[in-house]
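The values are calculated or read from the model by the stated rules, or taken from the named source; none is laboratory data. Note that the structure is a prediction, hence the values are computed from the model and not measured. Here the Cβ positions follow ideal geometry from the backbone for every residue, glycine too, while neighbour counts run over all protein chains shown. Note: areas computed on protein heavy atoms with side chains; ligands, DNA, RNA excluded. Shrake-Rupley method; radii C 1.70, N 1.55, O 1.52, S 1.80 Å.
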Amino acid sequence: MTQTPATFSAAKDMKAYGEKDHAKTHKALKAGPERDTPEIRADFDALMRDGYVIIKGLLSTQELAAIKSEGVPLLSHSGRNSFEGVKTQRVYNVLSKTRSLDKLAEHPRVLGLLDRIFLPNYLLSQSQIINIHPGEAAQALHYDDGFYRLPRPRPPLGAATVWAIDDFTAENGATVIVPGSHDWGADKLPSRSEAKPAIMPAGSVVVFLGTTWHGGGDNRSEAPRFAVTHQYCEAYMRQQENYLLELSKSTVRDLSPQMRSLVGYSIHPPFMGMVDGRHPLKTLDDDTPQDLQS
């Protein structure tokens, strides 16, 4: 088909329509200057070169203590299989159970990186507390956005953070990363000898791309290793965790505007995420008897 000026103009108009924020009341959030600093730019360069970056000293001793004081009582059952870890405690649906981890999910040093990886209005894909006990075996190496069935090599469709609430050491199950593996094609698989432990003090975070091969380390120490993970994805990909079913409206109202956007109360232009043709934030004003009882 020959492209005429009229068809070119129509295609151009549709592209502009598809990229425009059409909301009148609930415009997409804008990043502040704290998400565009020399430190973030240097972190991004390392992340794209190696597939991961470790950022130290983001949480104070007091903040770490507060996270553990709220998180430890939530720990109960161990994992159901070797991937979850039979000697590993995992807490799911954490956003319904504590607000102490929100600051990690929306930390500007993390969001500043995601701003450079993803399109606007990217989403939180899942959140967990992970407590690896002594005697736990190493987790199988994997990459986190592998369930998006698109061939490698390709840009990442997801990214993850693992926050060290305890010190991460080579002995206590520090997450292991295969440097440079984010660029590999489907024909290359990692060996354990290529994996490098993300050794870092408590209060640090390791950020890695969804295409980076990694896994939980084995815990050969005498104490558990407490961590928090938040994972993210492009706004047009399905989240691992169904926050719209997990979180009541009353819980969502308690979230910050940034957290509301991350869990899915946002729009990917032109209209992905709408509810009855409206912005999802408008549903928070639509109290129903069922919601009032939640």
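The figures follow:
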read-out	value
Search result, residues across the stretch 20-68 that are open to solvent by 70 Å² or more (accessible area, probe 1.4 Å), of a type in the set (D, E) and not in a loop (DSSP other than H, G, I, E, B)	E34, E39, D45
Residues located in the stretch 126-141, provided they are more than 17 Å from G158 (Cα to Cα) and either touching a helix residue (DSSP H, G or I) at 6+ places or on another chain (Cβ under 9 Å) or crowded, with 20+ Cβ neighbours inside 10 Å (or both)	I129, I130, N131, I132, E136, A138, Q139
Qualifying residue in the stretch 258-268 (condition: modelled with pLDDT under 95, of a type outside the set (S, T, Y) and open to solvent by 40 Å² or more (accessible area, probe 1.4 Å))	no
Residue, farthest from the chain's Cα centre (by Cα), within the stretch 141-180, restricted to residues that are farther than 14 Å from M237 by Cβ and small (G, A, S)	A170
Qualifying residue in the stretch 232-244 (condition: in contact (Cβ under 8 Å) with a residue 60 or more places away in the chain, of a type in the set (A, V, I, L, M, F, W, C), part of a strand (DSSP E or B) and farther than 23 Å from A42 by Cβ)	yes
Filter result (more than 22 Å from L47 (Cβ to Cβ) and touching a helix residue (DSSP H, G or I) at 6+ places or on another chain (Cβ under 9 Å)) within the stretch 201-231	F226
Some residue of the stretch 185-203 being out of contact with any strand residue (DSSP E or B) (no Cβ under 7 Å at 6 or more places or on another chain), closer than 29 Å to F271 by Cβ and in contact (Cβ under 8 Å) with a residue 12 or more places away in the chain	no
Test: D144 is open to solvent by 10 Å² or more (accessible area, probe 1.4 Å), assigned to a helix (DSSP H, G or I) and touching a residue at least 24 places away in the same chain (Cβ under 8 Å)	no
